[in-house]
Each structure stands twice: as structure tokens, then as C-alpha cells.
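S.K.: Please see the structure below; I have some questions.
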Amino acid sequence: MALAPDAPKDSFRLSMLIYDTRFRAMTIQVIVLILFGLAVAWLLNNTVQNLAAKGKTFNYSFLWVRAGYDIEQTLIPYTNDSTHFRALLVGLTNTLVVALVGCIGATILGVIVGVLRLSKNWLVARIMTVYVEIFRNIPLLLWILIIYVPISEIAPAPSAFRVTEEMQAAGQAPAASKILFDTVAVTNRGIYAPLPLFSRPLGSVDLGPVSLNLTFLSIVAVLGASILAYRALRARARAVQEATGVRPVTWWKSLMILVLPTALLLAAMGLHLEIPELTRFNFTGGILLQHAFTALTLALILYTGAFIAEIVRAGILAVSKGQTEAAYALGLRPNRTMSLIILPQALRVIIPPLISQYLNLTKNTSLGIAVSYLDLRGTLGGITLNQTGRELECMLLMMLIYLTISLIISAVMNVYNRSVRLKER
Amino acid sequence: MSETHAATVSYVRDTMLPPAEAPVTERGAIKWLRENLFSGWLNTLLTLIALYIIFVAVRAVMPWLMNSVWNAASLGECRQIVAAAGEGATGACWAVIRDRWHQYMFGFYPRELYWRPVLAFGLLFVALAPVLYYGNRRAELTLTATAGAFVIAVLFALGTPFGIVAAVTVLMAALLALAWAAPKRLVWVTVFYAPVCYLLLWGGSVWAPVTAIAGFALLAAVFVALQPRVGVPVALGAGLVAAVLWWAYPDATVARALSSILPIGLTAVPSTQFGGFLLAITIGVTAISFSLPLGILLALGRQSNMLIVKALSVGFIEFIRGVPLITLLFTASLLLQYFLPPGTNFDIILRVIILVTFFAAAYLAEVIRGGLAALPRGQYEAADSLGLDYWQAQRLVILPQALKISIPGIVSTFIGLFKDTTLVSFVGLMDPLRGVTQIVRADINWKGIYWEPYIFVGAIFFLMCYGMSRYSMYLERKLRTDHR
């Protein structure tokens with residue numbers, strides 16, 4: 001019986017680079033890397049040539065030049081004498097404030113609608129379905145425009161709110177009047193809303209580059225202390241329940257602990273609402289909300305709220321019915337079942353898609369371009385770009401900032417996601 | 001009943017009572033109302049609030065709709081007609097749609113050439129038939145016949161010259177015959193749809209698309225010639241290099257030479273005249289059909305074991321997903337001139353399509369990656385143990401299952417993409433929502449109109465997107481193979 005011949009010697013042949021699975025992965029990666037390098041080199045080379053042909057350089061020194069344009073909504077001090085960099089920061093804060101208000105509003109709306117869609121009430125469930133389907137299937141741009149165009153074109157000028165003596169004598173009403181208990185004025189220049197103010201603020205402390213607002217800090221400190229005290233109360237109540245089986249009545253105590261100190265502090269500092277008043281030509285006092293801001297935020301809330309409603313609904317439906325039945329079998333009441341059994345499990349399903357909705361909302365704030373809202377794209381990617389003619393620098397910087405915001409949001413939300421995730425051992 | 005029990009009780013009923021009808025409150029509409037609308041104080045409150053909201057909405061909208069005006073030359077005339085209806089009456093002025101519908105549909109596309117986009121739109125469904133229902137004769141026949149009837153009806157309504165309608169009828173009849181005789185051959189319509197559609201929409205010489213197809217033919221020829229001798233990868237690589245060389249150098253020259261010898265073609269229509277839903281559908285359909293393969297490749301790259309391929313895929317996906325679409329569109333209109341060789345300037349619609357395709361592909365890649373990750377590990381191992389190589393395993397085992405799981409996500413990405421085509425108005429294209437409406441509202445006759453154009457465009461978008469989401473639900477049900 002002949003022995004099997006020896007295994008062929010492993011001599012390396014060139015064809016093995018393609019046909020041998022041990023080497024093929026290497027070959028492919030090297031080829032991909034070379035092609036990628038060539039592509040990048042080609043793009044860079046083109047860019048350098050094009051810049052040279054246009055007589056431009058690539059640098060960011062224009063950021064420290066006077067901007068020279070006005071921005072209507074500024075959350076940090078800004079005049080048209082400030083630099084382009086300052087304008088960029090103003091734009092960034094404008095983007096972030098829309099994103100923040102939008103995320104909070106859309107979450108509240110989405111949770112309410114999502115729960116109501118599951119309601120046993122036939123009529124309410126149908127209305128919510130219609131809302132969700134209409135808002136999900138029509139472009140966001142339409143919602144922004146359909147809110148912005150009417151309010152900016154129909155709303156009366158501030159002078160329409162005037163009541164002259166002749167009109168009083170004749171008993172006529174002015175052409176327009178403030179709404180919501182005579183506090184909010186919707187005009188063609190924007191919406192004038194009341195602003196909470198303190199008559200006896202604590203002032204602020206200058207610490208070199210940053211100034212600390214003592215009023216705000218004291219409110220935060222008192223609120224934080226109340227929450228700590230409330231948690232201590234809860235812990236004591238739980239300890240008593242563990243020991244004796246009877247849970248002490250705590251609701252009025254916790255209400256007092258949570259509300260009273262802050263309310264006293266606010267009253268001591270003289271909190272009041274500054275209501276916009278009509279002066280000679282315009283309203284003064286209160287806060288002016290630009291129509292662009294209102295339309296953009298409202299449209300984002302309504303549009304994203306419809307998506308979040310679907311996510312919430314799917315999350316609640318994903319918890320199997322057996323969980324509810326098991327909870328009832330243990331004798332838990334419906335609201336305890338919701339808060340202890342269903343919501344914690346539904347949250348795990350809800351949070352990942354919710355994160356991507358927050359990201360979408362933040363990126364969609366760039367649609368403010370449709371209503372000339374001066375966000376990051378409006379300042380850095382709009383007026384600054386057009387004034388300085390530095391398309392390459394502005395666009396790259398803007399993309400980098402948006403990318404950073406997105407990565408930060410997803411990182412923060414991923415940390416939260418990890419904390420509510422099912423602990424597997 | 002036991003013996004003892006029967007003996008101890010004095011009376012046992014031995015006939016059934018006639019069944020009584022359920023109480024009034026427990027049957028019919030009243031029961032339904034009690035259960036669904038008034039089952040508790042909270043539910044009753046919700047019902048009353050909902051009824052109030054409906055009442056307010058109907059009271060505000062109904063008179064406005066009832067007093068609609070369809071025949072007027074300007075907004076002022078509309079308002080006069082509405083004012084005649086009574087003191088303080090409101091009314092919709094749909095006359096603007098009647099006056100400008102062609103701009104909402106076609107932008108500034110020449111009116112006498114409307115038959116071309118309509119035919120391209122009809123052929124789209126013929127080309128889709130083999131993709132949606134491959135080899136299913138009845139479904140393909142139905143779709144082809146419907147598309148043909150639609151095109152011919154629309155052409156008649158548009159008042160197209162009789163010669164063109166007759167030619168289109170013959171073409172559609174031929175396609176119908178093909179669908180009946182050899183439903184599988186219909187896939188050739190799909191293969192050649194892209195160049196035909198390009199020719200119909202943009203017009204110009206016939207030879208440019210023909211020589212572009214010749215590049216693909218060259219690829220196939222080189223592949224077939226070399227494949228038996230050197231194997232699939234090398235032959236494919238060589239074919240690609242040959243095709244790229246053909247497109248890069250002799251392609252344009254040959255096309256120009258041919259068109260000077262035999263100048264046949266259609267009237268050229270520049271991209272600046274595209275607009276309305278023609279533009280939205282052109283961008284949407286092209287980007288959808290190219291982003292799906294690209295998205296699958298990116299998803300496979302992200303799941304790959306090869307470090308460099310994986311890193312590049314992740315980088316691309318995360319970058320695209322991290323920036324708003326608007327910045328990418330501005331890149332298309334402002335920055336591409338920096339990245340391409342000096343002097344290159346190609347069509348803005350094409351540039352936008354490329355960037356929108358990348359954008360959709362990155363989102364699709366994430367959706368498909370979810371589908372790939374949801375497959376049990378055993379599927380991969382089973383494919384390996386059958387001796388399938390990577391591409392066979394992906395094609396036969398992994399992707400059919402992964403794509404089926406990801407259908408809802410894929411369709412909602414498509415819907416998002418279609419809605420996002422409205423953003424092209426920011427780079428100067430005439431999308432139906434903002435671009436055309438701006439033009440209409442700039443007209444002195446229609447200055448100050450706002451609800452009607454937006455409602456009209458919104459309704460069309462709603463119909464298309466809602467239709468797509470319904471189709472995805474149908475597909476999900478049809479493809480469900482698990483037992484329940």
C-alpha cells in the first residue's frame with residue numbers, strides 16, 4: 001500500500017495573492033489603500049491647482065476680521081463691529097437653542113401623541129394617527145414655510161395695536177389686540193412675549209474672563225438642595241416601609257420640599273413678568289421672538305414629534321402582553337404597572353431611535369435657511385462666506401462643527417443608553 | 001348531574017329558556033360608543049375635547065373649501081368672486097393651480113416637449129416591473145398595461161400631436177406583447193432604461209448614450225474573453241480598466257464623430273429648464289436606484305474583517321451622517337469646482353444627484369447593517385460550511401434575509417430621500433415646494449397667495465410618500481416566511 005504523497009511544499013507563487021484566501025484579504029486591502037491614496041492625492045492636487053488659479057490661499061485669518069453685518073437674534077453680546085468668529089459663535093448658539101427647544105418640545109409632544117395613539121378611545125387614536133401620517137409624509141420644508149409665510153404676512157404692524165383718544169371716545173376697538181390675557185403681541189416684526197425678570201436680583205461676580213450670575217446660581221443651588229432633601233425623604237419612607245410594611249404618607253411633604261424653598265427665593269428676589277407695552281412706534285419690554293425662530297422651532301417640534309410618537313408607540317407595543325399580565329397577577333395597579341414594568345422595558349427599545357431623531361432635528365435646524373434664520377449656516381456658511389469669498393474654509397469649518405455636534409449628542413445619548421440597557425451577566 | 005343531586009332537589013328545569021336579547025346598552029352602536037368613547041370619565045373628557053377640536057377645525061376650513069374658486073386670472077379676481085358670496089366670506093383660490101399646474105409639474109420644460117418626461121415616467125414602471133415582480137407574467141402585464149394606458153391618456157390630455165401619440169402607442173403595445181410573450185425578457189427594458197430616460201429628458205444627440213453603453217459592452221467583452229484563462233477577479237479588474245479608459249478618452253470623440261456623420265437626436269433641453277415634480281422625481285428615482293447598491297456595499301464594508309476597508313466605510317458613513325444635507329448640497333454647488341480638475345464644470349443636477357446618492361447610501365448602509373447584525377450567527381456559519389465563497393454566501397444566504405428584515409428602514413430612508421429633494425431649491429434648482437412657489441408668488445397676479453400652492457404640493461408629496469409606506473407594509477407581509 002502506497003503511502004500518501006507528502007503535502008505539496010508551501011512555495012509562494014504570485015497567483016496566490018489573488019487565489020489564496022490567506023493572502024487575498026491583504027491584496028485587496030493594499031489595492032484599496034493605494035486607490036484611496038491616489039484619490040485623495042488627486043483631489044488635493046486639484047484643490048491646490050484651483051486655489052492657485054483663483055489666486056486664493058487657504059487660511060482662517062478672515063475669522064478675526066470685522067464682520068460688519070447685523071444679526072437679529074443674539075444670545076451672546078454681538079454688534080456689527082464684532083469679528084466673523086464672534087458671528088460664528090452667535091450662529092452656533094442660535095442653532096443650539098433651536099435644537100434644544102426643538103428636542104424638548106418634540107419629546108413631550110411625541111410621548112403624548114404616542115401614548116394617545118394607543119388609547120382605547122377610538123376617536124382620539126384616529127386623530128393622532130392622522131396627525132402622525134400627515135406630518136411624517138410631507139417635507140419639513142413645507143411645514144416651516146406654511147407656518148412662516150402666513151404669520152409674517154398676515155400679522156398686523158405694531159401701530160395696529162394703538163388705541164388713540166378719538167377711538168376711545170368713539171368706543172372703537174383697535175385693529176389688533178394682544179392675546180393670552182393681554183400679554184402676547186403677534187406683530188409683523190415678531191412675537192412680543194412676556195419675560196420673567198427679577199426686581200431685586202443678586203447681581204453677578206466677575207471672575208476674570210467669566211462672570212457668574214448669582215441669581216441663576218442661587219436658584220440652581222436651592223433647587224438642587226430641595227431635590228437632595230426630597231430623595232432623602234423618599235429613602236426614609238422606603239426604609240420605614242421595609243421595616244414596618246406601612247408606607248408613610250409623603251406626598252404633601254415632598255411637594256413642600258420641592259416647591260416651597262424655590263418659590264420663597266423667587267418671591268424674595270421679586271420675580272415678575274415684564275409684559276411688552278406699546279410705546280411710540282413699537283413694543284418695548286418683554287422678549288421679541290423672531291418669526292423665523294418661531295416658525296423653525298414650531299415646525300421642527302411638530303415634524304419630529306410625529307416621528308417620536310411612532311417610536312414611543314412601537315416601544316410600548318414591543319413589551320409583550322405577558323409582562324402586563326404578570327404585573328396584574330402580582331397585584332400591581334395599572335399606573336404602577338406602567339411605571340415599574342412597562343416603561344423601563346419600553347425605554348430600552350425607544351432610546352436608540354430617539355437618539356437618531358435628536359440628531360436629525362439638530363441637523364434639520366439648518367433648514368432655517370428657508371426663513372433666513374441666522375444660525376450657523378446663516379452666519380458662517382451664509383453671510384460670512386459671501387462677504388469673504390472663502391467657500392472652502394467656511395464650508396469645511398461648518399461641516400466640522402456640525403460633525404462635532406452630532407458626535408457629542410450621540411456620545412452623550414449612548415452613555416445614557418448604556419445606563420438603561422438590560423444588564424446581561 | 002349526579003344521581004344523588006337529582007334525587008335531593010325538588011325541581012330541575014328540563015327545557016332551555018329562550019335566549020333573551022342583550023340589554024340595549026350592551027349591543028350595537030350604543031355598546032360600541034360606551035366601550036370606545038365613553039368608558040370612563042377620562043375617556044369621556046378626551047372624546048369631548050376631540051369632538052371640540054374637530055368642530056373648530058371644520059368650522060374654520062369648511063366655508064373656505066366650499067367657496068373655492070377655480071376660474072380666475074388673478075388673486076384679486078378670486079377675492080372679488082369670494083366677496084360676492086357674502087359678507088366676510090373666505091374662500092380658497094385654486095385658480096392659481098389651474099393657471100400654473102404645468103410649472104408645478106414640469107418647471108420651465110418646453111411645453112411642446114411634455115410628452116418626453118411623461119413617456120419616461122411611464123417607461124419607469126415598465127422598467128420597474130421585472131424588478132418588483134420578476135417572472136410573474138400577470139403582474140408584469142398589469143403594470144405594463146397600466147403604464148401604457150396612463151401615458152397615452154396623459155398625452156391625449158396634454159394635446160400632443162397625433163404622430164407622437166401613435167408612435168408611443170405602438171411602442172407601448174410592443175412592450176405589452178413582450179411582457180406577454182416573454183416576461184423575463186422585460187428585464188432588458190430595465191437594463192437600457194437609464195440611457196433611454198436620459199435621452200428622453202435631456203435630449204441631444206443619440207450617440208452620447210450609445211457610446212456610453214459601448215463602455216459597458218467593452219467591459220463585458222473583456223470579461224468574457226479573459227475569464228476562462230485568468231479567473232473572475234482579474235478578468236473583472238481588466239474589464240473595468242478597459243471600460244474606464246474608454247470613457248476617459250475616446251468616448252466623447254467617437255460620439256462627436258458619429259453625430260457629425262449621422263446627426264440623429266432629440267431637441268436638447270438644458271438642466272436649467274427642469275423643475276417641479278419632474279425635477280423631484282428625476283433626482284429621487286436616480287438617487288434611490290444608485291444608493292441601494294452603494295449602501296449595501298458600504299454595509300458589507302462596515303461588517304468586513306478587512307481593517308482598512310472597514311475603517312474607510314465607517315469614516316464615510318459617519319461623516320455623511322454627521323452633517324446636514326444642506327451642507328452637502330452647498331458642497332455640490334460651491335466646492336466641487338475646487339476638487340475637480342481645473343476647467344471641469346458639469347451639470348448641477350448631476351452634481352446634486354451624486355451628493356444626494358452619497359447621503360442616502362450612508363443612511364441605507366446603517367439600516368442594512370442593522371439587518372446584517374440581526375441575522376443569527378448560525379446563518380453565516382451554515383453558509384461557510386456549505387463551502388460557499390464570500391460573494392456566494394452574501395448573495396444566496398445572507399443578503400436575502402438581511403434585506404428582508406431591513407425593508408421598513410430602507411423604505412423610510414427612500415421616503416426621507418424623496419422629501420429631501422425639496423432642499424435642492426437652496427442651490428438654485430426649481431423644486432416644486434419652494435422654487436416654483438417662489439416664482440408663482442412673485443407674479444403680480446398671484447402675489448400674496450400662500451395656503452393653496454403649499455396645500456397642493458403637500459398633498460402630492462403626501463400621496464407619493466404614503467403610497468410608498470403602504471407598499472412597504474404590503475411587501476413585509478408578502479415576504480414574511482416565519483410561522484405564526
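The values are calculated or read from the model by the stated rules, or taken from the named source; none is laboratory data. Remember, predicted model here, so these are calculated numbers, not experimental data. Please note: Cβ atoms are built from the backbone with ideal geometry, for glycine as well, and neighbour counts cover all protein chains shown.
S.K.: Could you tell me which numbered condition B:PHE462 fails, if it satisfies all but one of (1) facing chain A (nearest Cβ under 10 Å); (2) among the aromatic types (Phe, Trp, Tyr); (3) more than 20 Å from the chain's Cα centre (by Cα)?
M.R.: So the condition that B:PHE462 fails would be (3).
S.K.: Taking A:GLN29 as the residue in question, decide whether it is under 30 Å from B:PRO233 (Cβ atoms), facing chain B (nearest Cβ under 8 Å) and without any contact (Cβ under 8 Å) to a residue 40 or more places away in the chain.
M.R.: For A:GLN29, the condition - under 30 Å from B:PRO233 (Cβ atoms), facing chain B (nearest Cβ under 8 Å) and without any contact (Cβ under 8 Å) to a residue 40 or more places away in the chain - is met.
S.K.: Same structure again: Considering each of B:ILE439, B:ILE455, B:ILE444 in turn, give the residue that is more than 12 Å from chain A (Cβ to nearest Cβ), surrounded by fewer than 21 Cβ atoms within 10 Å (Cβ to Cβ) and over 24 Å from B:LEU350 (Cβ atoms).
M.R.: B:ILE444
S.K.: Within the range B:193-206, is even one residue on the phi > 0 side of the Ramachandran plot, surrounded by 15 or more Cβ atoms within 10 Å (Cβ to Cβ), touching a residue at least 60 places away in the same chain (Cβ under 8 Å) and more than 19 Å from the chain's Cα centre (by Cα)?
M.R.: So far as the range B:193-206 goes, yes, one or more of its residues are on the phi > 0 side of the Ramachandran plot, surrounded by 15 or more Cβ atoms within 10 Å (Cβ to Cβ), touching a residue at least 60 places away in the same chain (Cβ under 8 Å) and more than 19 Å from the chain's Cα centre (by Cα).
S.K.: Taking the condition in contact with a Phe, Trp or Tyr (Cβ under 7 Å, 6 or more places away or on another chain) and of a type in the set (S, T, N, Q), does B:ASN71 pass?
M.R.: Against the criterion (in contact with a Phe, Trp or Tyr (Cβ under 7 Å, 6 or more places away or on another chain) and of a type in the set (S, T, N, Q)), B:ASN71 does not qualify.
S.K.: Regarding B:ALA332, is this residue in the same structural domain as B:ILE407 (by TED's automatic domain parsing) and more than 26 Å from A:ILE408 (Cβ to Cβ)?
M.R.: yes
S.K.: Residues of the range A:120-159 being at the interface with chain B (Cβ under 8 Å from one of its Cβ atoms), assigned to a loop (DSSP other than H, G, I, E, B) and modelled with pLDDT under 90, which ones?
M.R.: Correct list: A:LYS120, A:ASN121.
S.K.: Continuing with the same structure: Check off (1) part of a helix (DSSP H, G or I); (2) over 30 Å from the mean Cα position of the chain (by Cα) for B:GLY88 and give me the number that stays unchecked.
M.R.: Answer for B:GLY88: the failing condition is (1).
S.K.: When the residues of the range B:52-82 are filtered to those that are aliphatic (A, V, I, L, M), part of a helix (DSSP H, G or I) and surrounded by 14 or more Cβ atoms within 10 Å (Cβ to Cβ), which remaining residue is nearest to the other protein chains (Cβ to nearest Cβ)?
M.R.: The selected residue is B:LEU75.
S.K.: Also, quick follow-up: Just give me the residues in the range B:341-362 being within 13 Å of chain A (Cβ to nearest Cβ) and over 21 Å from A:MET398 (Cα atoms), in sequence order.
M.R.: B:PRO341, B:PRO342, B:GLY343, B:THR344, B:ASN345
S.K.: Let me ask something additional. Here are some residues: A:VAL205, A:VAL149, A:VAL130, A:VAL186. Which one is loosely packed, with under 13 Cβ neighbours inside 10 Å and closer than 30 Å to A:PHE307 by Cβ?
M.R.: A:VAL130
S.K.: Go through the range B:146-185 and count every residue that is more than 24 Å from the chain's Cα centre (by Cα), among the aromatic types (Phe, Trp, Tyr) and surrounded by 13 or more Cβ atoms within 10 Å (Cβ to Cβ).
M.R.: 1
S.K.: Kindly evaluate B:GLY409 against the criterion of being buried (at least 16 other Cβ atoms within 10 Å of the Cβ), in the same structural domain as B:THR331 (by TED's automatic domain parsing), at pLDDT below 90 and under 29 Å from B:ILE296 (Cα atoms).
M.R.: Taking the combined requirement at face value, the residue satisfies it.
S.K.: Are any of the residues in the range A:390-407 within 14 Å of chain B (Cβ to nearest Cβ), within 30 Å of A:GLY55 (Cα to Cα) and outside any helix (DSSP H, G or I)?
M.R.: yes
S.K.: Go through the range A:68-84 residue by residue and tally those that are farther than 21 Å from A:VAL371 by Cβ, surrounded by fewer than 17 Cβ atoms within 10 Å (Cβ to Cβ) and in contact (Cβ under 8 Å) with a residue 24 or more places away in the chain.
M.R.: Of the residues in that region, 1 qualify.
S.K.: Next question, about the same structure. Of all residues being of a type outside the set (A, V, I, L, M, F, W, C) and within 25 Å of the chain's Cα centre (by Cα) in the range B:306-340, which is farthest from the other protein chains (Cβ to nearest Cβ)? Just the residue, please.
M.R.: Out of the qualifying residues, it is B:SER333.
S.K.: Oh, and also: Here are B:GLU476, B:GLU452, B:GLU381: which of them is out of contact with any helix residue (DSSP H, G or I) (no Cβ under 8 Å at 6 or more places or on another chain) and charged (D, E, K, R)?
M.R.: Matching residue, one of B:GLU476, B:GLU452, B:GLU381: B:GLU381.
S.K.: Now a separate question. Sort out which residues of the range A:41-67 are exposed (fewer than 14 other Cβ atoms within 10 Å of the Cβ) and in contact (Cβ under 8 Å) with a residue 12 or more places away in the chain, and write them in order of number.
M.R.: The answer is A:PHE58, A:ASN59, A:TYR60, A:TRP64, A:VAL65, A:ARG66.
S.K.: Cβ-Cβ below 8 Å, separation at least six or inter-chain, first residue in the range A:105-132 and over 23 Å from B:TRP32 (Cβ atoms), second in a helix (DSSP H, G or I) and among the charged types (D, E, K, R): which pairs?
M.R.: Taking only residues 6 or more apart or on different chains, the pairs are A:GLY114/A:GLU310; A:GLY114/A:ARG313; A:VAL132/A:ARG117; A:VAL132/A:GLU310.
S.K.: Could you please let me know if B:CYS93 is buried (at least 19 other Cβ atoms within 10 Å of the Cβ) and free of Cβ contacts under 8 Å to residues at least 24 places away in the same chain?
M.R.: For B:CYS93, the condition - buried (at least 19 other Cβ atoms within 10 Å of the Cβ) and free of Cβ contacts under 8 Å to residues at least 24 places away in the same chain - is not met.
S.K.: Okay, next question. Anything in the range B:386-422 that is more than 16 Å from the chain's Cα centre (by Cα) and closer than 26 Å to B:LEU350 by Cα? List them, or say none.
M.R.: Residues satisfying the conditions do not exist here.
S.K.: Within the range B:401-430, how many residues turn out to be in contact (Cβ under 8 Å) with a residue 60 or more places away in the chain and touching a Pro at 6+ places or on another chain (Cβ under 9 Å)?
M.R.: Counting residues in the range B:401-430 that are in contact (Cβ under 8 Å) with a residue 60 or more places away in the chain and touching a Pro at 6+ places or on another chain (Cβ under 9 Å) gives 5.
S.K.: Okay, next question. Which of the residues belonging to the range A:93-119 are under 30 Å from B:GLU35 (Cβ atoms) and within 14 Å of chain B (Cβ to nearest Cβ)?
M.R.: Hits for the range A:93-119 are A:ILE112, A:VAL113, A:VAL115, A:LEU116, A:ARG117, A:LEU118, A:SER119.
S.K.: If you take just the helices (runs of 4 or more DSSP H) that sit entirely in the range B:404-484, which of them hold at least 1 residues that are of a type outside the set (Phe, Trp, Tyr) and farther than 21 Å from B:GLY107 by Cα?
M.R.: The helices (runs of 4 or more DSSP H) meeting that bar are B:407-420, B:451-479.
S.K.: Just to be sure, is B:VAL222 in a helix (DSSP H, G or I) and in contact (Cβ under 8 Å) with a residue 24 or more places away in the chain?
M.R.: Taking the combined requirement at face value, the residue does not satisfy it.
S.K.: Residues that are out of contact with any strand residue (DSSP E or B) (no Cβ under 6 Å at 6 or more places or on another chain) and under 21 Å from B:ILE415 (Cα atoms): which helices (runs of 4 or more DSSP H) entirely in the range A:295-364 hold 3 or more of them?
M.R.: Helices (runs of 4 or more DSSP H) meeting the threshold: A:343-364.
S.K.: Kindly indicate the residue of the range A:50-104 that is charged (D, E, K, R) and under 28 Å from the mean Cα position of the chain (by Cα) and also modelled with the highest pLDDT among those meeting that condition.
M.R.: A:ARG86
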